[in-house]
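Notes follow the structure.
The values are calculated or read from the model by the stated rules, or taken from the named source; none is laboratory data. Quick caveat, the model's predicted, so the values are computed rather than measured. Cβ placement follows ideal geometry from the backbone for every residue including glycine, while neighbour counts extend to all protein chains displayed. When the accessible area is computed, the model is the full protein with side chains, heavy atoms only, and any ligands, DNA or RNA have been set aside. Shrake-Rupley method; radii C 1.70, N 1.55, O 1.52, S 1.80 Å.
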Amino acid sequence: MSSRPAGFRGTFSLVLMGAAIFGCAAGGQAQGDGNERTFPQSKATIEKALKEMQTAGRLPLLDGFATSASHPMERYQRGYYQSKFQVSAAPTGGSIVRVSVQVTAWYADPIASKSGYQLLTSNGRVEADLLDQLGDQLAAHAPAASPNSTANTTAAGPDSAANASTKAANPPVSTEPTIAAPVPRLPEVRGNYSSSLAQSLAEQEKKGSQTGPTKIEDKSAGPLQTEANSLEEILKNQAHPKNLVAVKKSGTPVVASASLSARTLFLASAHDEFEMLDFNRDWVHVRISGLSRGWIWRNNLEMPDSVPESDVQPIAPPVPTAAELFHVAREEVAPFPGDWEPLRGKRVKIVSVEKTDENAKDSGPALKLEFAKSVLDTDYAELAQKAQELAGIVVIFDSADGGMIAASFATLQQWKAGTLSDAALWHQCFFDPPETFTGTGAAGSP
């Protein structure tokens, strides 16, 4: 085997020595990019810091944080992120931290039945911000340098002096990290944003004021400032809103118009908030997103403090209750008397209801629905015992202004189990004719 020239061996040794010095100098900072970084701290220290961090929460917006290959991003809303950290010991000391983020969001499809939560692809900004937060957390808990370290070095003896001479001859490579574009921190409470972005901008503005007119213009300052201004505008618009309504219970339907027979757009979750555009005694008109609008039953919402409990003044004499206006005249088991797919051709329990006073004024849709709900609630026990024989319950109001309400056993079962709200129950029932129970758009209390 031919030997390498002596000059080559000397040059190769210098390269190795330089690499070793660079590695030692850079050991005090987190290294790596993307979803993985190396930190000089031990695995136990990093795991302790991770317990103090927020690793999941709601995204303030989806654009710029996630992507979808199947649908336009403007159809997604209510984004959430969930992160998972893996910590392992690095071969050269310290620890390797890898983070993976899962982003989910509600997809509003034009066909309501196809709407639902879907998994999106994170573009890496959330991961980078979480690793930045971890670095800040570790730096905040790092022990401060001793003020007597200079004196100790001087009194350490000849060996220390020799080491100082060696360091002077071979100055260490600078470990000052480069400043990357900051990423907004992702808080769990909606409407609040991390101060990391504002802090980084403040530092850059401070540096700019110190540098003066002779400083070199940073080409990345323009896009960074634009992004900051955009987030500040969003924060300003969302700060202390006074016209938001919040959903009380999951499964609350958002419908296309103020009617119990209206098409359901989607089912809202508990604590979902919408901008209120208008309201009446029974319905609230809300903005879903962009130009999309919908209606929600008022009793299912937490209204703003500025809105009174009811915009209808009490009248005298008091309006009689549903139990005083109606009574059950007869009950029978027979085939379903209408044309509705869930009960077509099936045997049902038919409850005929009459007015207590035939000369009484038109009771309106509100009290009819209230009495029908009490009948469904009372007769459900018998229906559950005869589920193989009966497919549902039909309530018929036997009067000139009457009508029919039909509910299937499956719908009533979900309602009694608490998985369907009262408003959702009505949206899954059959009304004949629908206008009898919706009036001019205000239906009865579900």
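Taken over segment 105-125, the criterion of being part of a strand (DSSP E or B), over 12 Å from A66 (Cα atoms) and open to solvent by less than 40 Å² (accessible area, probe 1.4 Å) is satisfied by W106, Y107, G116.
Cβ separations smaller than 8 Å between residues 6+ apart or across chains give the following pairs from segment 276-290 residues that are over 17 Å from S259 (Cβ atoms) to residues that are modelled with pLDDT under 90 and polar (S, T, N, Q): M276/N243; S289/Q77. Based on what the data block shows, is N237 open to solvent by 90 Å² or more (accessible area, probe 1.4 Å), within 20 Å of the chain's Cα centre (by Cα) and either more than 30 Å from Q428 (Cα to Cα) or modelled with pLDDT of 70 or more (or both)? Here the answer is yes, as N237 does meet what is asked. Across segment 28-50, the qualifying residues are those that are open to solvent by less than 50 Å² (accessible area, probe 1.4 Å) and of a type in the set (V, I, T), and the one among them that is modelled with the lowest pLDDT is I46.
The residue pairs whose first member lies in segment 325-346 and is farther than 16 Å from Q388 by Cβ and in a strand (DSSP E or B), whose second member is open to solvent by less than 70 Å² (accessible area, probe 1.4 Å) and basic (K, R), and whose beta carbons are closer than 9 Å, counting only pairs six or more residues apart or on different chains, are F326/K355; F326/K368; H327/K355; E331/K349; E332/K349; A334/K349. Name the single residue, out of those in segment 320-344 being among the small types (G, A, S) and either over 16 Å from D379 (Cα atoms) or loosely packed, with under 12 Cβ neighbours inside 10 Å (or both), that is modelled with the lowest pLDDT. Checked segment 320-344; the qualifying residue modelled with the lowest pLDDT is A322. Quick one: would you say L412 is under 18 Å from A322 (Cβ atoms), open to solvent by less than 50 Å² (accessible area, probe 1.4 Å) and touching a helix residue (DSSP H, G or I) at 6+ places or on another chain (Cβ under 8 Å)? No, not satisfied.
Only one of these is at pLDDT 85 or above, under 28 Å from the mean Cα position of the chain (by Cα), open to solvent by 30 Å² or more (accessible area, probe 1.4 Å) and of a type outside the set (S, T, Y): Q102, Q133, Q137. Name it. It would help to see each step written out before you state the result.
Numbers: Q133 fails: open to solvent by 30 Å² or more (accessible area, probe 1.4 Å); Q137 fails: at pLDDT 85 or above.
Checking each option against the conditions leaves just Q102.
Out of curiosity, is G403 open to solvent by less than 30 Å² (accessible area, probe 1.4 Å), at pLDDT below 90 and in contact with a strand residue (DSSP E or B) (Cβ under 8 Å, 6 or more places away or on another chain)? When the stated conditions are applied, G403 passes them.
When each of R287, R281 is tested for being more than 18 Å from H427 (Cα to Cα), charged (D, E, K, R), open to solvent by 20 Å² or more (accessible area, probe 1.4 Å) and at pLDDT 90 or above, the lone residue that passes is R287. Within segment 67-100, the residues that satisfy the criterion of being in contact (Cβ under 8 Å) with a residue 60 or more places away in the chain and not hydroxyl-bearing (S, T, Y) are E74, Q77, R78, G93, G94, I96, V97, R98, V99. Inside segment 261-291, residues that are within 24 Å of P433 (Cα to Cα), hydroxyl-bearing (S, T, Y) and outside any loop (DSSP other than H, G, I, E, B) make up a count of 1.
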